[in-house]
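Engineer: Can you read through this structure? Questions will come right after.
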Amino acid sequence: MGPANRVTSSEEHSREIAEFGQHNDFWLFGYGSLIWKPPPHYDQRVPGYIEGYVRRFWQASEDHRGTPEAPGRVATLIDKAHWETLTDHHASTERVWGAAYHIESSKVAEVREYLDIREINGYSIQFTPFHPAPFTTSISSPPTSPSFPPSNPPLSSISLGHRSSNSITAETVISSNLEPVTGPIRCLVYIGLPENPQFMGPQDPDELARHILRSKGPSGENKEYLYLLERSLLELSKDSGDAHVSDLVRRARKFEIEARGEVVDVGIEGGEGGGDAGYGEVEDGKVEVKKGADADGEPLHKVGSTEEQEEVEK
């Protein structure tokens, strides 16, 4: 592409940015913290995916999950064609899952200003087709049932499928409903392009996980961002997991457990691990592990527990 064409292309891109959303068609695609901390004033949230990109924790964060002196690591998107020229420890995925948000016309200017501040650290505006998920998933947890004498269970416990016992029981219901698929939606998306100064490129997964564990910024611990991203992705659909993200979570769990003097195999790059020690799921940035696993069972211990942090706007 010659200089004149590059100028024209740049002018057209700037014009599209300025005009985008003027016809009540402002859609924003979130693939990182926007999944669990959405923008203000949205009136629709649609799970789905984009194609032609790879999500990686290759963007330095100096303003949210790190500091200028010790930047954290957050997610960005790499064009698939460019990614194929790099050496990566993880395979690519066909789709990058996330959530799209529709903003009504009267609020576009306010939301754009908010996003430009929130995503200022190395991210730039791009556009991409977004494909809504063909189904929705709902997760509910009915209240726990009290214990009842075996001889006199209440009718409700039978109708709900609870067996009478002397312990507290709980049940989780996961349902999936088919939805009509609409055509691709043109979405605005913030991407840390390879030429931006915060782009770190390929990194060793172990070193990356350790870096995330020791990083912290105004918005909270870097590991919380990682844990919440994996959890939020898995809640979008049955196919919305990201192997790169989940592998980093497994490595981070392993290092946290080892730091407490425990030995556990958490199944890096290949399923769940075994061994004598167990570990729990990450929830709201908390990691629960079980020490010893003796006959009586040790109580769960929380490792690296933090409260969910709000992203900090400048």
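The values are calculated or read from the model by the stated rules, or taken from the named source; none is laboratory data. Small disclaimer: the values here were computed from a predicted structure and weren't measured. Counting neighbours? That spans all protein chains shown, and the Cβs are built from the backbone with ideal geometry, glycine included.
Engineer: Does VAL74 fit the bill of being modelled with pLDDT of 95 or more, buried (at least 17 other Cβ atoms within 10 Å of the Cβ), of a type in the set (A, V, I, L, M) and in contact with an Asp or Glu (Cβ under 8 Å, 6 or more places away or on another chain)?
Structural biologist: no
Results for (1) surrounded by 23 or more Cβ atoms within 10 Å (Cβ to Cβ); (2) under 16 Å from MET200 (Cβ atoms), shown as yes or no for each residue.
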| residue | (1), (2) |
| --- | --- |
| TYR53 | yes, no |
| SER61 | yes, yes |
| GLY66 | yes, yes |
| ALA91 | no, no |
| ARG118 | no, no |
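Engineer: Separate question: Any idea how many residues of the stretch 93-123 are among the charged types (D, E, K, R) and either closer than 18 Å to TRP36 by Cβ or part of a loop (DSSP other than H, G, I, E, B) (or both)?
Structural biologist: 4
Engineer: In the stretch 182-214, what residues are in contact (Cβ under 8 Å) with a residue 40 or more places away in the chain, farther than 18 Å from GLU258 by Cβ and in a loop (DSSP other than H, G, I, E, B)?
Structural biologist: THR182, PRO184, GLY192, LEU193, PRO194, ASN196, PRO197, GLN198, MET200, GLY201, PRO202, GLN203
Engineer: Something else about it: Suppose we filter GLU256, GLU262 for residues that are farther than 21 Å from SER92 by Cβ and part of a helix (DSSP H, G or I); which single one remains?
Structural biologist: Within the list GLU256, GLU262, the selection yields GLU256.
Engineer: Okay, next question. Residues VAL54, VAL74, VAL46: which one is part of a strand (DSSP E or B) and either among the polar types (S, T, N, Q) or under 20 Å from ASP116 (Cβ atoms) (or both)?
Structural biologist: VAL74
Engineer: In the set SER164, SER147, SER138, which member is of a type in the set (S, T, N, Q) and either at pLDDT 50 or above or touching a Pro at 6+ places or on another chain (Cβ under 8 Å) (or both)?
Structural biologist: Exactly one residue qualifies, and that residue is SER164.
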